[in-house]
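The values are calculated or read from the model by the stated rules, or taken from the named source; none is laboratory data. The structure presented is a predicted model; accordingly, all values stated were derived computationally and were not measured. Heads up, the Cβs are rebuilt from the backbone with ideal geometry, glycines too, and the neighbour counts pull from every protein chain shown.
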Amino acid sequence: MFVYCPECGAANSPGSKKCRICSAKLPSEGKACDYGKFDFESEPKASKAVAPPAYLGLSITLSICCCCPLSILAIIFGLQSNYAFKNKDYDKADRKSNAARKTILWGVALTFVMWIVIFVSGILD
Ligand SMILES: [Zn+2]
């Protein structure tokens, strides 16, 4: 990680206090991108405007179509994701959203297997 001079743009070795080309004062390490115009550090990391998808529509559809117990679990994960987002717990909201998606995928996969089994057993009957 080089420290770039805000005056002349020269790359300086990490930890340098002054530019080796123009002797301008260098920004402290870790703020190499801060040219005084944008203060990225002041932007809170957890300032998401968009909630992670809760897949509620999908999981409700799945529960109506096949009464799969996994879809109930997916609805619970989706609701937990929404709830965590409202409480500004964005990490948890993301995790629950992922859990809901995985649960729906498993539910769909199991439903297909179930249908195939029913179909095959109907043919063999
Ligand atoms: Zn310089």
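Would the range 31-45 turn up any residue that is at pLDDT 85 or above, part of a loop (DSSP other than H, G, I, E, B) and not assigned by TED's automatic domain parsing to the domain that holds Phe77? The answer is no; no qualifying residue exists.
If you check Cys19 against the conditions, is it crowded, with 16+ Cβ neighbours inside 10 Å, at pLDDT 85 or above and out of contact with any helix residue (DSSP H, G or I) (no Cβ under 8 Å at 6 or more places or on another chain)? Step through it out loud before you land on a result.
On the way: crowded, with 16+ Cβ neighbours inside 10 Å: yes; at pLDDT 85 or above: yes; out of contact with any helix residue (DSSP H, G or I) (no Cβ under 8 Å at 6 or more places or on another chain): yes.
So Cys19 fits the description; yes.
From the list Lys88, Lys102, Lys96, Lys92, pick out the single residue that is outside any helix (DSSP H, G or I) and surrounded by 11 or more Cβ atoms within 10 Å (Cβ to Cβ). Walk me through how you get there before you give the answer.
Details: Lys102 fails: outside any helix (DSSP H, G or I); Lys96 fails: outside any helix (DSSP H, G or I); Lys92 fails: outside any helix (DSSP H, G or I).
Step by step, each of Lys88, Lys102, Lys96, Lys92 is checked, and only Lys88 is outside any helix (DSSP H, G or I) and surrounded by 11 or more Cβ atoms within 10 Å (Cβ to Cβ).
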